[in-house]
1. Has the stretch A:314-332 got any residue that is touching a Gly at 6+ places or on another chain (Cβ under 6 Å), assigned by TED's automatic domain parsing to the domain that holds A:Ala371, among the hydrophobic types (A, V, I, L, M, F, W, C) and modelled with pLDDT of 95 or more?
2. Considering only residues of the stretch B:417-465 that are assigned to a helix (DSSP H, G or I) and open to solvent by 20 Å² or more (accessible area, probe 1.4 Å), which is nearest to B:Arg54 (Cα to Cα)?
3. What residue, of A:Leu52, A:Leu10, A:Leu59, is within 8 Å of chain B (Cβ to nearest Cβ), aliphatic (A, V, I, L, M) and closer than 18 Å to A:Ile455 by Cβ?
4. Has the stretch A:399-409 got at least one residue that is out of contact with any Ser or Thr (no Cβ under 6 Å at 6 or more places or on another chain) and closer than 30 Å to A:Val342 by Cβ?
5. Quick one: A:Trp88 ticks every box in (1) within 12 Å of chain B (Cβ to nearest Cβ); (2) surrounded by fewer than 19 Cβ atoms within 10 Å (Cβ to Cβ); (3) of a type outside the set (A, V, I, L, M) bar one, so which box is it?
6. Counting only residues that are within 27 Å of A:Ser458 (Cβ to Cβ), give me the strands (runs of 3 or more DSSP E) lying completely in the stretch B:1-89 with at least 1 of them.
7. Take the conditions closer than 23 Å to B:Phe187 by Cβ, open to solvent by 20 Å² or more (accessible area, probe 1.4 Å) and within 11 Å of another protein chain (Cβ to nearest Cβ) and apply them to B:Thr97. Does it pass?
8. For the stretch B:74-85: of the residues being over 24 Å from the mean Cα position of the chain (by Cα) and buried (at least 20 other Cβ atoms within 10 Å of the Cβ), which is farthest from the other protein chains (Cβ to nearest Cβ)?
Protein chains: 2
Amino acid sequence: MLLRMSTLLLKTLREEPADAEVPSHRLLLRAGFIRRAAPGGYTWLPLGKLVLDRVTAILRDEMGAVGGQEVAFPALLPREPYDVSHRWTDYGDDIFTLQDRRGNDYLLAPTHEEMFTLLVQDMTSSYRDFPLLLFQIQTKYRDEARPRGGLLRGREFLMKDAYSFSLSSDDLAAVYAEMRAAYQRSFARLGLDHTIVSAVSGAMGGSASEEFLATSEVGEDTFVGCTSCSYAANTEAVVTPTPPFVDASISLMEVHDTPETPTIASLVELANDRALGGRTDWTAADTLKNVVVTVHTPGADDEVLVIGLPGDREVDLKRLDAALAPATATMFDDFAARPDLVKGYIGPQGLKARYLADPRVAPGTAWLTGANEPGRHAINVVAGRDFTPEGTIEAALVLAGDPCPACGSGSLTMRRGIEIGHIFQLGRRYTDAFKVDVLGVDGKPVRPTMGSYGIGVSRAVAAIAEQHHDERGLLWPDEVAPADVHIVAAGKDGQVAAALKLGQELVDAGLRVLVDDRTNVSAGVKFTDAELIGIGRSVVVGRRLAEGFVEFRDRRTGERNDVAVTDIPRVIATSLG
Amino acid sequence: MLLRMSTLLLKTLREEPADAEVPSHRLLLRAGFIRRAAPGGYTWLPLGKLVLDRVTAILRDEMGAVGGQEVAFPALLPREPYDVSHRWTDYGDDIFTLQDRRGNDYLLAPTHEEMFTLLVQDMTSSYRDFPLLLFQIQTKYRDEARPRGGLLRGREFLMKDAYSFSLSSDDLAAVYAEMRAAYQRSFARLGLDHTIVSAVSGAMGGSASEEFLATSEVGEDTFVGCTSCSYAANTEAVVTPTPPFVDASISLMEVHDTPETPTIASLVELANDRALGGRTDWTAADTLKNVVVTVHTPGADDEVLVIGLPGDREVDLKRLDAALAPATATMFDDFAARPDLVKGYIGPQGLKARYLADPRVAPGTAWLTGANEPGRHAINVVAGRDFTPEGTIEAALVLAGDPCPACGSGSLTMRRGIEIGHIFQLGRRYTDAFKVDVLGVDGKPVRPTMGSYGIGVSRAVAAIAEQHHDERGLLWPDEVAPADVHIVAAGKDGQVAAALKLGQELVDAGLRVLVDDRTNVSAGVKFTDAELIGIGRSVVVGRRLAEGFVEFRDRRTGERNDVAVTDIPRVIATSLG
């Protein structure tokens, strides 16, 4: 493949594009890899399409290596299967829906679990057909409320989605492990530095759901690591260790007047000023904060829920939603309708609403909390004696320095990442919904169990750009670069012809070559563009061409060496490894 | 690539599938290449996806060879650009439209002229950027009223669409000629026997619009050829030769009572019975039939149009629509509202409606036609004397045996084809709509002119299947076959292991191999499936394996030869050429 800059559809931008907030978005626009075509929809320009195709080829290769079979479903699908799975309504505004000319309902599929399941139901009949691993690389649609970061979160995007169908949990675990390894190999080839994090709490089954996060400052996902063990989890999955048992029930509950203390800070200040309970060392962590939320459960009435957590913690709505899923929560604000909930002075004792507590609010612990009367609080309010929560809930914000739930000795650090992959043991949700049964070895029907394995393909391109750039531009890993070598013709004394001749030689040797053969721009502009486009190695055909020399540049190390033009094929082959 | 039937997602069908009317649809379903997923939407199964990818690779290769640059646009696009081009309304029910969560209008693009034009406006600025040839291979959507024939006419389908941008008509003609040749090479590689037909009448510019039709009994397009020259055209483009001038004005018009002759047949019978004008040799060709239609022009009021044509011809609504485009026509039926139009007795003389005539109704010709009174007709009604049409119109059905408009000596034959490609010189419709101007060589602005070049990729797969099958199944041309060789293990004495070993050897030699290693089906079933799947050559590993022999079968010729297993790689390499 010989690409010529003189004819390539390319216009590099010197200025930072407006509305592009993250480096990958800015650089992919500036270097002419993508253009915005719609809100959350991007056009791939020739250089971008080449990178996308390289990424796609790597994923196809790695899926094939573990026995994945490629299929391709339509994106425009009728409503019926999504009614069976309840996702037509569950997704709400997040999916694009439409009607055809006959008034029948359709959707643009956000994912294809229903179709994969129906296909397997159609195409299989007995245990001999299993296990089965199917994948597709296909355009997906999601009506994102806030498309963001260019390719990072779009409304039309490319996904590699795969589903495994197994007849036993052991078989599912085996294919899950193979896919996990295939994902690690895939991301290594894509040059993506990543962390595998638990996506569900240990309580729900440990490794059954894991996310691959490309570490990046601009990532939307916060995840935690441990200072002393290998634990990594997204914040939704972090389990709060239950503190060692203490018995504080020796002291009786006392109610005190605490006027004008609707906040934790004002309460702590008053408690210390007045030496409540004889103490002057009160901190926010000694107080019990009670947060009122409204829980929205699909197909059910809204419900008021009070969450108790130490006063030095905020409620993390993402963790709360994860804990309540499929229900969601919003902050409660109609206190006028609930005079029993005394805003700023709520305590769990005698409360008439559903009450769940942070794991740190363990039986035996004593708290300074509201007395359910305006201007009054209580001390020595002991969990298990003065109140008993219905259960615990993981809703408190995770903070750097929190103890590690895995090893117990280390503490948590916070990092950010871009979710590039997600694998999980989905189980029988969809095979149950569609009643998929096949003949088992013993002659009895058996219901397949599924694994789900996704990679955001277009997002991966952005993640690569996030991890591989510098102040001068992009810097693609070799295996995904739009070309193997970038030849710059710097001069007007036959340099262009020589550059094209050298380029063709390299193409004939099996390389992919981009030649800057433009005659209407300066060498300086060409060098700047080459650095912006970000191919790892370049050859400058310049002044010393007359002596038979060109310059070989390594974009990563910055090294520049004059090399005999006849030696270039060997030098490049060596540098490509 | 080694595909194993024991694990392949494949279920061949013995019975003819219901609702599949055409051979390609039946066979692609039966052989397990596709499955229906939605009305007009199909899932590609692993074997089908392999064929589709082969077709795609050939098209990408041939487009690259003529300098085409690949891009990829979103399918989900905002309304605005399609408002500028008026296509949002012009397309009517034929496009899928929807609204996003904010209530903004979107469409699923049926084609991308607007986006290509806007992209070129964005990315270019001067004559140095031209000519430019861009293409994409992308999913398209059209809300077909009648999806048909499986992949032949779907609502979601894969297209290769390309657009050229040139700064002069000569440059456009040059790239058009290159693309025409690239299309011929592409279809040759796809194994598609095709005819290039004129898609517009010669009067409008000859070669500026041509369709590539894969000849097929099941094709939706009727086209004509000539018995003695190379003329080929779709019926919409056929030009009716004007007959040699005759002067019939010597006889005066006479009106006769012709009771109960509302049809041409009854009129001819009466005219001969009564020897009208002294003749008893009246035929339908002597009568002038006047057909009333309603013309619907976008953005204008409906209009009544009367079309005059020889009584032995019917109006062809497809030709009529092509002649009226962008307006369309339907048969007029509200005669009660137009007492001046006397149904069954209309004549062009003194008519108060717009009147267009077939070219055979030439000045000087005399006709037997209605007298605009119930039960009366007139003879010797001479064109140019008794009536003067506003113009001519190509709306009459073309019939086999009609004179060839190109050579004049041959006559037309009728054939059917599947439209697999369409190229045409689009001109400045879209660059005008978006006011695209670039700097010309002379420093003045110049507006690019466009060429449009489309290939139905998924439809091409169906067309290949139509042209390449027999009563036993599919029979793929080598370059698009899902594998190079199909190895059948026929026996249980080590044949499966030997087949897999041979398969791996061939894979290592660079071939794509499908091995039937199933142990739960008979050799007969395997042979039947192999013929249904349609790979050109197969190797049967059977009884003579013990002696070191296998059988080599050529699916096309039916030849079968015992060959030493060690000799198979050479035999296959030879047969692949």
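1. Among the residues of the stretch A:314-332, not one is touching a Gly at 6+ places or on another chain (Cβ under 6 Å), assigned by TED's automatic domain parsing to the domain that holds A:Ala371, among the hydrophobic types (A, V, I, L, M, F, W, C) and modelled with pLDDT of 95 or more, which makes the answer no.
2. Step one: filter the stretch B:417-465 for residues assigned to a helix (DSSP H, G or I), giving B:429-433, B:457-465.
Next, from what is left, pick out any that are open to solvent by 20 Å² or more (accessible area, probe 1.4 Å): B:429, B:432-433, B:459.
Values: B:Arg429: 34, B:Asp432: 37, B:Ala433: 37, B:Arg459: 14 Å.
Restricting to residues being assigned to a helix (DSSP H, G or I) and open to solvent by 20 Å² or more (accessible area, probe 1.4 Å), the top hit is B:Arg459.
3. Of A:Leu52, A:Leu10, A:Leu59, the one residue that is within 8 Å of chain B (Cβ to nearest Cβ), aliphatic (A, V, I, L, M) and closer than 18 Å to A:Ile455 by Cβ is A:Leu52.
4. So far as the stretch A:399-409 goes, yes, one or more of its residues are out of contact with any Ser or Thr (no Cβ under 6 Å at 6 or more places or on another chain) and closer than 30 Å to A:Val342 by Cβ.
5. Every listed condition holds for A:Trp88 apart from (1).
6. Qualifying strands (runs of 3 or more DSSP E): B:34-38, B:41-44, B:76-78.
7. So B:Thr97 fails the test.
8. Selected residue: B:Tyr82.
The values are calculated or read from the model by the stated rules, or taken from the named source; none is laboratory data. As the structure is a prediction and not an experimental result, all values here were calculated from the model. Quick reminder, even Gly has a Cβ in these numbers, built from the backbone with ideal geometry, and neighbours come from all protein chains shown. Each accessible area value is taken on the protein alone, full model and side chains, heavy atoms only, with ligands, DNA and RNA left out. Shrake-Rupley method; radii C 1.70, N 1.55, O 1.52, S 1.80 Å.
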